Amino acid sequence: MSPLPVSVVTGFLGSGKTTLLSRLLRDPALARTAVIVNEFGEVGLDHLLLEASDEEVVLLEGGCLCCKVRGDLVRTAGELLARRARGAAAFDRIVVETTGLADPAPILQALMTDREIAHALRLESVIATVDCAAGDATLDAHPASVKQVALADRLILTKTDLADLAASGLAERVRRINPSAPQLIALHGAVDASLLFNGSPHDRPVYSSETHTNDGVTTFCLRRSAPLHAVTLSLFLQVLAEHCGAKLLRLKGLVDVLESPGRPALIHGVQHVFHPPAWLEAWPDDDRSTRIVVISQGLDAGWLQDLLEVLDEEVKACSIS
């Protein structure tokens, strides 16, 4: 059975996560969705969610299931999957709404690595809401909000009716933090669900050669025209996990692997945790070069590029000898 797509909706307190989800779940395309609301005692999803205890699953309008979690997120996801396996629940996607104060990295790591659920799930997207009325002040005062923006695959700008987006410069500031994530404007929570879900994982990163630094977050792209040995890729990810985890916010990219011509490896990691590479059947565009987007706090692009080259030279030398 194919792994279920899971998306994480993050964003600081009051940035519009709940409003966004309540509108999205009215879309028939998301009717078979299980929602996990990971909040501290709040009633989420506006009027759609009834009061629920830790153990209850609530049926929402439109056929979606909702769990409200004040305890273990992984346990709750496992229980939902068990319900589905025995035919007690029907859903094709899981969406996790985080608390506004949460660093999303541990949540992503848990979903990617927990032995009880990781095999059944695949991370589809991280969606972050940004409050255009209070965004600058929030980014200034709360490091967690910067990390939420940095880790996102999609950025949803909310409350644009309350702020002059062009004059504030917020959109450009957010773009400097995370240039690889498209920015979408939500009008009273309304965003086209097709722009947030059902996308191919390789169409998300913007492989710009420029280095962007803002709010302590640096984003850059490692590139290589020649194929890498498969062992090089494994060693490179191992070094990152063991020595760069605290500084590496997120990594995603396409890798041309020598032993698999024409089938690029899709790689994805959060801090010290990496998904096993997924192999695409073909390149998504005409560019056949390796492209790895790195979002970090304190890593040097030149050092990582050199590391990649040195490792491949060593692997090549060993294979010849």
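The values are calculated or read from the model by the stated rules, or taken from the named source; none is laboratory data. All values reported here derive from a predicted model rather than from experimental measurement. Every residue, glycine among them, receives a Cβ derived from its backbone with ideal geometry; neighbour counts consider all protein chains shown.
Checked against (1) crowded, with 16+ Cβ neighbours inside 10 Å; (2) closer than 21 Å to Asn198 by Cα; (3) without any contact (Cβ under 8 Å) to a residue 60 or more places away in the chain, Thr129 passes all but a single condition, namely (3).
In the set (1) within 22 Å of the chain's Cα centre (by Cα); (2) among the small types (Gly, Ala, Ser); (3) assigned to a helix (DSSP H, G or I), the condition left unmet by Ser319 is number (1). Is one or more of the residues making up the range 1-17 within 19 Å of Arg154 (Cα to Cα) and either at pLDDT below 85 or in contact with a Pro (Cβ under 9 Å, 6 or more places away or on another chain) (or both)? Looking through the range 1-17, at least one residue is within 19 Å of Arg154 (Cα to Cα) and either at pLDDT below 85 or in contact with a Pro (Cβ under 9 Å, 6 or more places away or on another chain) (or both). Taking the range 255-283 as the range and being modelled with pLDDT of 90 or more, within 14 Å of Ala230 (Cβ to Cβ), exposed (fewer than 15 other Cβ atoms within 10 Å of the Cβ) and out of contact with any Pro (no Cβ under 8 Å at 6 or more places or on another chain) as the test, the residues that pass are Glu259, Arg263. Assess whether Leu307 counts as being more than 21 Å from the chain's Cα centre (by Cα), farther than 23 Å from Ser145 by Cβ and not assigned by TED's automatic domain parsing to the domain that holds Leu123. So Leu307 fits the description; yes.
Counting only residues that are charged (D, E, K, R) and within 16 Å of Val6 (Cα to Cα), which one in the range 55-89 is modelled with the highest pLDDT? Per the criteria, the residue is Arg84. Taken over the range 141-158, residues that are crowded, with 24+ Cβ neighbours inside 10 Å and without any contact (Cβ under 8 Å) to a residue 24 or more places away in the chain amount to 0.
Here Lys316 meets the list (1) surrounded by 17 or more Cβ atoms within 10 Å (Cβ to Cβ); (2) out of contact with any helix residue (DSSP H, G or I) (no Cβ under 8 Å at 6 or more places or on another chain); (3) among the basic types (Lys, Arg) almost entirely, failing just condition (1). Could you go through the range 139-146 and let me know if any residue there is under 20 Å from the mean Cα position of the chain (by Cα) and β-branched (Val, Ile, Thr). Yes, there is a match, as at least one residue in the range 139-146 is under 20 Å from the mean Cα position of the chain (by Cα) and β-branched (Val, Ile, Thr).
I'm trying to understand the selection: among the residues of the range 210-236, which are among the aliphatic types (A, V, I, L, M) and either surrounded by fewer than 16 Cβ atoms within 10 Å (Cβ to Cβ) or within 30 Å of Leu139 (Cβ to Cβ) (or both)? Before you say what the answer is, go through the steps one by one.
If we filter the range 210-236 for residues that are among the aliphatic types (A, V, I, L, M), which is where we start, we get 217, 222, 226, 228, 230-231, 233, 235.
Result: Val217, Leu222, Ala226.
Could we say that Arg291 is basic (Lys, Arg), touching a helix residue (DSSP H, G or I) at 6+ places or on another chain (Cβ under 7 Å) and assigned to a strand (DSSP E or B) here? It is false that Arg291 is basic (Lys, Arg), touching a helix residue (DSSP H, G or I) at 6+ places or on another chain (Cβ under 7 Å) and assigned to a strand (DSSP E or B).
Scanning the range 270-288 for residues that are among the small types (Gly, Ala, Ser) and out of contact with any helix residue (DSSP H, G or I) (no Cβ under 9 Å at 6 or more places or on another chain) turns up just one, Ala282. Residues in the range 230-269 that are in contact (Cβ under 8 Å) with a residue 60 or more places away in the chain and either touching a Ser or Thr at 6+ places or on another chain (Cβ under 7 Å) or among the small types (Gly, Ala, Ser) (or both): Leu249 only.
When the range 204-250 is filtered for residues that are within 20 Å of the chain's Cα centre (by Cα), in a strand (DSSP E or B) and either at pLDDT 95 or above or farther than 18 Å from Glu172 by Cα (or both), the ones remaining, listed by number, are Cys221, Leu222, Leu248, Leu249, Arg250.
Residues are listed down the side, and each one gets a yes or a no for (1) closer than 17 Å to Pro179 by Cβ; (2) crowded, with 24+ Cβ neighbours inside 10 Å; (3) at pLDDT below 90; (4) more than 15 Å from the chain's Cα centre (by Cα):
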| residue | (1), (2), (3), (4) |
| --- | --- |
| Phe91 | no, no, no, yes |
| Val96 | no, yes, no, no |
| Leu101 | no, no, yes, yes |
| Glu116 | no, no, yes, yes |
| Thr160 | no, no, yes, yes |
